[in-house]
Protein chains: 2
Amino acid sequence: MKSTIPDTGVPFAPPAGNGGDRQEASLHGEILLRLRDYVVEGNIPDGARVPERQLCEMLGISRTPLREALKVLAAEGLIELLPNRGARVRQLSQRDLEELFDVMAGLESLAGRLACEAITDAEIIAIEQLHYEMYGHYLHRDMHGYFQANQRIHESIVAAARNETLKAAYANFAGRIRRVRYSANFARKRQRWAEAMREHEAILDALRRRAGSELSDILFQHLRNKRTAAIEHLAEPQEDAPASP
Amino acid sequence: MKSTIPDTGVPFAPPAGNGGDRQEASLHGEILLRLRDYVVEGNIPDGARVPERQLCEMLGISRTPLREALKVLAAEGLIELLPNRGARVRQLSQRDLEELFDVMAGLESLAGRLACEAITDAEIIAIEQLHYEMYGHYLHRDMHGYFQANQRIHESIVAAARNETLKAAYANFAGRIRRVRYSANFARKRQRWAEAMREHEAILDALRRRAGSELSDILFQHLRNKRTAAIEHLAEPQEDAPASP
DNA sequence: GCCGACTATTTTGCATTCATTTTTTGTCCT
DNA sequence: AGGACAAAAAATGAATGCAAAATAGTCGGC
């Protein structure tokens, strides 16, 4: 039960300048991107065994670059590499999820604190825009739109922190959680929605005042509450699935 | 100037249960551990080019497992992999260091907050012991002893957070910074020493009261101050190197 | 009929080999 | 002599081959 990539945590890659594009020269790099998406999007069932050969012909490459990509994904924590027994999609226990949410809370909390030091008025206005947009989705019970706007707000805060290292770490953890979201059908309870909206107002308020320490607290609590909702949801799935208008 | 492991950050490996041992079955895993230490300890000069062949015969293996290990190290951010141009030790700019310190500050800040929820009296007492020990080293101007005790205190706080995911991430970032410490001879200024001691008192105080939010703030500031000291030190090296008694 | 041991097939881990690309060296021309 | 071009050498990226381990399948025993 020991992973090949053992006790050391892998933080993340260099800032690498480019934020969003995914051009990639080398084959194994290309494979890495594709495989990561493939796993994150939940195309492989939890804990499923995936023979290398099968992936090879699926991707049309030989085993060497594939294995290199697998090692990296294992270091990222998306899959497990059991010695002589192949790669498995990493199955997250409830405890793992709790830990992940807490780390995300810590990172966002940090992002908020740093953002207060550097954010511009224009950026705040942009976030306010997203906030109102999100509020609209909330009123219309549009879960998907709400969710997206919400994500963009949090990403904006991370971006405003002006810290590529943080951004990379954030993206990595977000990816791990996203996989769970894809697999389990993450609907949020209505009551939590209202709470979340109120919390977001407080976030904006603290951000406007550049109250770093305060914002840090609020963001942590906000994510903590998200965590609780998520865990409860996992315990008893699909309660109060929102009707799309 | 693009790394093969591109924009995505690699967070870190699974908890993997075992905290400290480094038994490793697979060859590439063994190689990974040895290479990581080798790099972290600064045996390779910054930005130096290291031909694979040379590493292979140094480690007595073929290129395949070596390259797998290199990919992982690149994902961890310790080295850079330039397409068709080999591996280079990642050179951290001053900005990179600032970012790293800030992320460390965020993680420790989080650790403190979580620790307040779960830490036992016994653990607090143990940390107090370390604190007094550190104070002794401080009085004796024993930088090395001071430094070690200090590190153990921070590790204890992270351990008390009861979050293996956080612990792994922390270890990864700590490794990146440690490399700089090995290379540049990190002496701390005396004035900063006194400040740091006071801050540590405040940390202990907040910890005893389980004041999570407060501790979070103090730890962040503490690390922020460390950051400032480190950056200043890099700018004008070895000022006030402490005489060992 | 079910459980356990033995064999065959598959799969992983690593070494070796091949094809490009890069870097170095050597030579020639200005 | 200095620089540019060209060829050789070396290094990287990927594919293939081979040995060891694991899985599955079968047979035999109880």
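The values are calculated or read from the model by the stated rules, or taken from the named source; none is laboratory data. Just so you know, these numbers come straight off a predicted model, no measurement behind them. Backbone-built Cβ (ideal geometry, glycine too); neighbour counts: all protein chains shown. Surface areas here come from the heavy atoms of the whole protein model, side chains and all, with no ligands, DNA or RNA. Shrake-Rupley method; radii C 1.70, N 1.55, O 1.52, S 1.80 Å.
Quick one: pull the percent of accessible area on segment B:27-89 belonging to carbon and sulfur, 1.4 Å probe, ligands and nucleic acids left out.
In segment B:27-89, the share of accessible area belonging to carbon and sulfur is 43 percent.
Counting pairwise Cα distances across segment B:65-151, what percent come out greater than 17 angstrom?
Percentage above 17 Å: 70.
Give me the distance between the Cα centres of segment A:138-197 and segment B:211-228, rounded to whole Å.
A separation of 27 Å, based on Cα centres.
Using a label point 7 Å beyond Cα on the Cα-Cβ vector, give me the inter-copy distances for A:Y135 in nanometres, one decimal, shortest first.
Nearest first, the other copies' label points are 5.3 nm away.
For B:F147, which inter-copy label distances result when the label point lies 7 Å beyond Cα on the Cα-to-Cβ vector, reported in nm to one decimal and in ascending order?
Sorted ascending, the copy-to-copy spacings read 4.9 nm.
Just the accessible area per residue of segment A:31-108, please: how many Å² with a 1.4 Å probe?
40 Å²
Accessible surface of A:S26 in the full protein assembly, 1.4 angstrom probe, to the nearest 10 Å²?
Taking all protein chains as shown, A:S26 has close to 30 Å².
With +1 on each Lys and Arg Cβ and -1 on each Asp and Glu Cβ, how big is the dipole of segment B:27-89 about its Cα centre, in debye rounded to the nearest 20?
That gives a dipole near 260 debye.
When each copy gets a label point 7 Å from Cα toward the beta-carbon at B:R34, what are the spacings between them in nm, shortest first?
3.4
Quote the Stokes-Einstein diffusion coefficient, in whole µm² s⁻¹, for segment B:94-235, based on the Kirkwood radius over alpha carbon pairs, a temperature of 25 °C and a viscosity of 0.890 mPa s.
162 µm²/s
For B:R49 and B:A235, compute 0.36 nm times the residue count separating them, minus their Cα-Cα distance, and round to one decimal in nm.
64.4 nm
Between B:R198 and B:Y132, what's the calculated FRET efficiency when r is the beta-carbon distance and R0 is 22 Å? Round to 0.05.
Working from the Cβ atoms, E equals 0.90.
Nearest 100 Å², what total accessible surface is buried between chain A and chain B (probe 1.4 Å)?
Chains A and B together bury roughly 5300 Å² of accessible area.
Could you list log10 I(q)/I(0) for segment A:27-89 at q = 0.26 Å⁻¹, which the Debye formula gives when each Cα is one point scatterer?
The Debye formula, applied to the Cα set alone, gives -1.27.
Using a 1.4 Å probe on protein heavy atoms, which residues of segment B:59-107 have at least 40 Å² less accessible area in the complex than alone?
Those are B:E68, B:K71, B:V72, B:R90, B:E99, B:V103, which lose 40 Å² or more relative to the chain on its own.
Calculate, for B:N225 and A:N225, the FRET efficiency according to 1/(1 + (r/R0)^6) with r their C-beta to C-beta distance and R0 45 Å; round to the nearest 0.05.
0.90
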